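Here the structure comes first, spelled out in C-alpha cells, and everything after it is commentary.
The values are calculated or read from the model by the stated rules, or taken from the named source; none is laboratory data. The shown structure was predicted, so the numbers you read here are calculated from the model rather than taken from an experiment. Counting neighbours? That spans all protein chains shown, and the Cβs are built from the backbone with ideal geometry, glycine included. The area values use the complete protein model at the heavy-atom level, side chains included, leaving out ligands, DNA and RNA. Shrake-Rupley method; radii C 1.70, N 1.55, O 1.52, S 1.80 Å.
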Number of protein chains: 2
Amino acid sequence: MTVIDKKQPTDRLQDNLNQVQRLIERQRLVEDLVHRQDMPKHDLVESLVHKQNLVELEHKLESLHPADIAYILEALPLDDRLLVWDLVDSEDEGEILLEVSDAVRESLIESMEQHELVAAAEQLDADDLADLAPDLPRQVVYEVMGGLDEEERQQLQSALSYEEGQVGALMDYELVKIRPDVSCEVVLRYLRRFDELPSQTDKIFVVDEDGVLKGVLPVRRLLVCDPERLVEEVMATEVVSFHPDEDAADAALAFERYDLVTAPVVDEHGVLVGRLTVDEMVDVIREESETEALNLAGLKEEEDLFAPVIDSVKNRWAWLAINLCTAFVASRVIGAFEGSIERLVALAALMPIVAGIGGNSGNQTITMIVRALAMGQLQPGQAQRLWRKELGVSVINGLVWGSALGVLAWLLYGNFSLGLVMLAATTLNLMLAASMGVLIPTMMERFGKDPAVGSSVLITACTDSGGFFIFLGLASLFLL
Amino acid sequence: MTVIDKKQPTDRLQDNLNQVQRLIERQRLVEDLVHRQDMPKHDLVESLVHKQNLVELEHKLESLHPADIAYILEALPLDDRLLVWDLVDSEDEGEILLEVSDAVRESLIESMEQHELVAAAEQLDADDLADLAPDLPRQVVYEVMGGLDEEERQQLQSALSYEEGQVGALMDYELVKIRPDVSCEVVLRYLRRFDELPSQTDKIFVVDEDGVLKGVLPVRRLLVCDPERLVEEVMATEVVSFHPDEDAADAALAFERYDLVTAPVVDEHGVLVGRLTVDEMVDVIREESETEALNLAGLKEEEDLFAPVIDSVKNRWAWLAINLCTAFVASRVIGAFEGSIERLVALAALMPIVAGIGGNSGNQTITMIVRALAMGQLQPGQAQRLWRKELGVSVINGLVWGSALGVLAWLLYGNFSLGLVMLAATTLNLMLAASMGVLIPTMMERFGKDPAVGSSVLITACTDSGGFFIFLGLASLFLL
C-alpha cells in the first residue's frame, strides 16, 4: 500500500527546517569540541561523529524538493546556509538557484567555484538559464553556451534579448505542436511517443505548416472527444495569446482574468514562438506586489534577512536620502515661521498633527488610485471626476476631524481662535492631500513612469511642507 | 479558415471599454435630447435611435467574457454601470458578480430585484454560490437552496461552514475520481463519457472504495503511458494535499512553491472531499497583497473608485482616527517641552526631521520582517540575531545621516552644540526604530495577530513620539 503524506505543507516545511537546524547545531557543537580540546587520541572518534552528522544532513537534503531546500537556505544565517549548500546534490543546484530570492542567490553564487557554476547551469533549460544568466559571471555563461546545441543556443539568445518584465523573458520553449487536419486519435498516438509531456500542459498548440498558430486543443477536450474527429473541428479558436514584447504584468492580469494555465506566445506574423505557464505568472504577481511593498517602505530591493550590515545599509540608503531631503524642505518651511512660533509656542506642538493627518489621508487616496491605474480601471478622462469625489471626502473628513482637533486645541490652550485655525488648516491640508493624491499618480502615468514608485514619498513631502505652511501661515495671519 | 484575435489582451480590454463608453455617451445624448425638446412628433424617431444604441450595447456585451464585463463594470461610474448591468445577459450575471470587486458587487446587488438575484445565483456551482452567499439577502439564499439537490445542498452547507481564508471555503467539488486497480485504457474510456472535464483538470484523483485518497494520476502522464498498465503503477503517490481548515494563504504558498495547478483536499481520515485550483490561489495571492497595501495606507477595505463620498468616508474613518490619536500623543510630547522651544525656536524646525527619518527607517525594518514572517522564513529564536543586525545598520545610518544633519543644523543656526544634539538624537531614534521594528512584528506574531496589520502605524507612532522626546530631551539637557 502506498502512503500519502498527510502533513500540511507548511508544517512539513517547518519540520524540515527544524531538522536541518538541529543537525547543523549538532555539527557546530562537534566542531567546537574538536577545536577546543585538541587531544590527538580523540581525533578518530570525533571525526567519525563529525562525518555522521554531515551524512545525515546530506541524506535529509536529498529527500527534499528543490523548492524546499530553497526555503531552508533562505531561512538560515549565512554561515549555516553555506554549510548546507555544500551538501546539496549538484544536480539540483541549478534549480535551487532559480528558486531562492535574488539576495540569497547572490550569496550562494559568490561561494561557488567557476566549474561548479558551469555544472549547475548546464542542468537547466534554455529559458531557465536565461533567468539565471544575469547573475552569473560572464565566463560561466560563455562556457555553458558552448555546450548547447544550435536550437537551445538560439532559444537562449532569444530569451536573453528581452528585458526583465517582458513576456519574452518568461516564456519557455516546451511546445507540443500538432496540425489541424489530423484526427484526435492520431494526436493521442503522437503524444504517447513522448516520455512525459511538459509540465503544466493543459492544451496542445495547433499550427499550420508555417508554424502559424491556428488554435489550441485543450487536453480536457481531447480526453472526452470522439477519436475520429479532426483536430480542427474540436480545437478552440478563440485563444488568448501574447506577444514576446508585451508587459509580463499585463499577461499575469490576463491569466488571472481568464483562469489560464498555459497560453501561446506568437510573433508579429502569428508564428508560435513559445508559451507562458501559470507558475511563472504567479511569480510575477507575487514579485510585483512585493516590489510595491518594498518601495513604499523605502527599500530598493528584496533584502537577505541575514545579509551583512553593510549590504543592508546600501539597500536602504537611497530612500533615506530622499526622505531626508523632503524633511529638510519641510524644516525650512517651519524655519520661515520661527518668529510666529516664538510668539505662540503652541503652534510647534500642534503643527505635526496637521501634517500627519494630511499624509495619512493623501496616502489613502494615492493607494486607491495607483491600484486602479495598475489594474487598468482608471481612464484618463475620469481623473477630474475622481478629483471632485476625493475633494468631497477630504472636506467632510477635514470638517469632522478638524473640529475635533480644534476643540482639543481650544481646551488645551484656552485659545478659541487657535482652534479655528486648527480646523481650517486641517481641512485645507486634507484638500491639498486629495488633490495631490489624484494629481501625482495620474501625472506619473501620463509621463510613462510607474506611479507606484515614490508616490508615497512625494505625497508625504507635499502634505508635510504644505501642512506646516498652511497651519503656520494661517496662524501668523490671524493669531499674531 | 479560423481567425485568431492577435490583439494583446490588455488592448482588447481597453477597446471593449472604449466601445461601451462611446455607446453609453451616445445613449446619454439621445436621452438628453428627448428630455429637452419634448416635441411629440419626434417621439417615434427618438425612441428608435434610443433603442438602437441599447441594442448595439447589448450585442457588444453578449460577445464578451464575463471577466471582461466585470472589468468594464468596475471602470464605469455608478449610473453608467447600472445601465450596462441592466443589459447583461441574465445567464452571465452570477459569474460576473463573482468576478467584480466586493465594493462593485455590493452596488450591483443593491440594484437587483429579489427574483433577479435568485435567477443569477441559480446559475452557479455550490462552491461559487458559497462565495456569493454572504453578500446576498438571506431570503435569496434560502430560495436558491430550496432548488438544489441533496448533494449540492450538502456541498453548499459544507462550503459555508468554513471561514473566509480557509481552504474549505475555496475548494470546489468538481472531482474526477478513479480506482487504483483499473488500467489506463479503462480510465481513458471512462473519461470519454464526460461531456467536458472540469476546468483546470491536470490530474485525476485515485481513491479506494472508502473514498480515501491513494494518489493522483497526472493527465500528462496518462497521455503518454502504456494503456495496459494499471493506475496504481503509473500514479504519483507523493501528493501535496490540504485540509479544509488550513489557511488559504499557506496553500497558496505551496501552490507557488511546487508549481501546482490543482491539489486534492482531504479530511482527517484521508477521504477526498474537494480540490483546490490555481486560479483560486492566484486570487488569494492578489488579495493578500492588496489587503496589505490597503492596510498600510490606512484603508479598511477595497474601495469602489466611484463609490459615493459617504462610503469612502466610512472606509477611511478608522485609520484616520488611529492616526489622529498617535499624532495627538506626539503633540503632547512636544507640549511638554514648550519651554525649551520658546528658548531655542530652532528646535521646532529641526524636530520633524529626526522624527521623519526614524519613521522611514523603522518602516524599512518592519517591512522586511513582516515579509519574512509571512513567508515563514523567520524563526522565533532568530529575532535576537536580527535585532543585533538591525541595530548595526541603524548605528551606521545614524552616524552618517546624523552627521550630515548635524553639520546642516550647525551651519544654519551657527550653534555647534545644536549640531551635536542633532547627531545624537538621529542616531538614538534610528536605534529605537530598529528595535521597535524587530519587536513589534515578532510580538504580534507571538500573540497570534497578523503582523502586517497596523505595524506601520505603530512604528510611526513610536518613532514620532520617541523622536520628539529624544531630540527635545537632549536639547533641554545640554543646550539650555
>> With modelled with pLDDT under 85, acidic (Asp, Glu) and more than 30 Å from B:Ala372 (Cα to Cα) as the only criterion, which of A:Asp11, A:Asp5, A:Asp43 stands out?
In response: A:Asp43
> Where in the range A:227-300 are there helices (runs of 4 or more DSSP H), lying wholly inside it, with at least 1 residues that are out of contact with any Gly (no Cβ under 8 Å at 6 or more places or on another chain), more than 9 Å from every other protein chain (Cβ to nearest Cβ) and surrounded by fewer than 23 Cβ atoms within 10 Å (Cβ to Cβ)?
Replying inline: A:231-234, A:278-296
>> When you check A:Leu420 against the structure, is it farther than 30 Å from A:Glu301 by Cβ, at pLDDT below 90 and more than 33 Å from the chain's Cα centre (by Cα), yes or no?
In response: no
> Can you tell me which of A:Glu164, A:Glu151, A:Glu246, A:Glu143 is over 30 Å from B:Leu64 (Cα atoms) and within 29 Å of the chain's Cα centre (by Cα)?
Replying inline: A:Glu164
> Among the residues of the range B:445-454, is any more than 24 Å from A:Asn360 (Cβ to Cβ) and either among the hydrophobic types (A, V, I, L, M, F, W, C) or over 43 Å from the mean Cα position of the chain (by Cα) (or both)?
Replying inline: yes
> Taking interchain pairs and intrachain pairs at least six residues apart, which have beta carbon atoms under 6 angstrom, with the first residue in the range A:406-424 and assigned by TED's automatic domain parsing to the domain that holds A:Gly473 and the second of a type in the set (A, V, I, L, M) and not in a helix (DSSP H, G or I)?
Replying inline: A:Ser417/A:Leu479
> For residues in the range A:179-223 being part of a strand (DSSP E or B) and more than 10 Å from chain B (Cβ to nearest Cβ), which is nearest to the chain's Cα centre (by Cα)?
Replying inline: A:Lys203
> Is it fair to say A:Leu97 is modelled with pLDDT under 90 and either hydrophobic (A, V, I, L, M, F, W, C) or in the same structural domain as A:Arg138 (by TED's automatic domain parsing) (or both)?
Replying inline: no
>> Among the residues of the range B:367-385, are any within 26 Å of A:Gln21 (Cα to Cα) and among the basic types (Lys, Arg)?
In response: yes
> Right, B:Gly437: in a helix (DSSP H, G or I) and at pLDDT 95 or above or not?
Replying inline: no
>> Condition (residue is within 17 Å of B:Arg316 (Cα to Cα) and surrounded by fewer than 24 Cβ atoms within 10 Å (Cβ to Cβ)) applied to the range A:405-426: is it met by at least one residue?
In response: no
>> If I ask for residues that are out of contact with any Phe, Trp or Tyr (no Cβ under 7 Å at 6 or more places or on another chain), farther than 16 Å from B:Thr463 by Cα and in a helix (DSSP H, G or I), which ones from the range B:409-422 would you list?
In response: B:Ala409, B:Leu411, B:Leu412, B:Tyr413, B:Leu420
> Out of the residues in the range B:299-338 that are assigned by TED's automatic domain parsing to the domain that holds B:Leu472 and of a type in the set (Lys, Arg), which is nearest to A:Thr367 (Cα to Cα)?
Replying inline: B:Arg316
> Can we say B:Gly437 is open to solvent by 60 Å² or more (accessible area, probe 1.4 Å) and out of contact with any Leu (no Cβ under 9 Å at 6 or more places or on another chain)?
Replying inline: no
> In this structure, does A:Gly406 turn out to be closer than 26 Å to B:Phe328 by Cβ, more than 9 Å from chain B (Cβ to nearest Cβ) and under 29 Å from the mean Cα position of the chain (by Cα)?
Replying inline: no
>> Being in a helix (DSSP H, G or I) and more than 7 Å from chain A (Cβ to nearest Cβ) is the filter here; which residues of the range B:320-345 pass it?
In response: B:Ala321, B:Ile322, B:Cys325, B:Thr326, B:Val329, B:Arg332, B:Val333, B:Ala336, B:Gly339, B:Ser340, B:Arg343
> Inside the range A:129-173, can you point out the residues that are open to solvent by 70 Å² or more (accessible area, probe 1.4 Å), assigned to a helix (DSSP H, G or I) and either not charged (D, E, K, R) or not assigned by TED's automatic domain parsing to the domain that holds A:Ile96 (or both)?
Replying inline: A:Pro134, A:Gln139, A:Tyr142, A:Gln154, A:Gln157, A:Leu160
>> Considering only residues that are of a type in the set (Lys, Arg) and more than 43 Å from the chain's Cα centre (by Cα), which ones fall in the range B:312-352?
In response: B:Arg343
> When residues of the range A:467-477 are filtered for being in contact with a Gly (Cβ under 9 Å, 6 or more places away or on another chain) and surrounded by fewer than 24 Cβ atoms within 10 Å (Cβ to Cβ), how many remain?
Replying inline: 1
>> For the range A:70-85, which positions are among the charged types (D, E, K, R), under 16 Å from A:Arg105 (Cβ atoms) and open to solvent by 10 Å² or more (accessible area, probe 1.4 Å)?
In response: A:Glu74
> Looking at A:Arg286, is it among the basic types (Lys, Arg) and without any contact (Cβ under 8 Å) to a residue 40 or more places away in the chain?
Replying inline: yes
> What tally of residues in the range A:301-319 results from selecting those that are more than 7 Å from chain B (Cβ to nearest Cβ) and open to solvent by 40 Å² or more (accessible area, probe 1.4 Å)?
Replying inline: 7
> Does B:Thr365 count as among the hydroxyl-bearing types (Ser, Thr, Tyr), over 22 Å from the mean Cα position of the chain (by Cα) and surrounded by fewer than 24 Cβ atoms within 10 Å (Cβ to Cβ)?
Replying inline: no
> For the range A:370-382, which residues satisfy the criterion of being in a helix (DSSP H, G or I) and within 8 Å of another protein chain (Cβ to nearest Cβ)?
Replying inline: A:Arg371, A:Ala372, A:Gln382
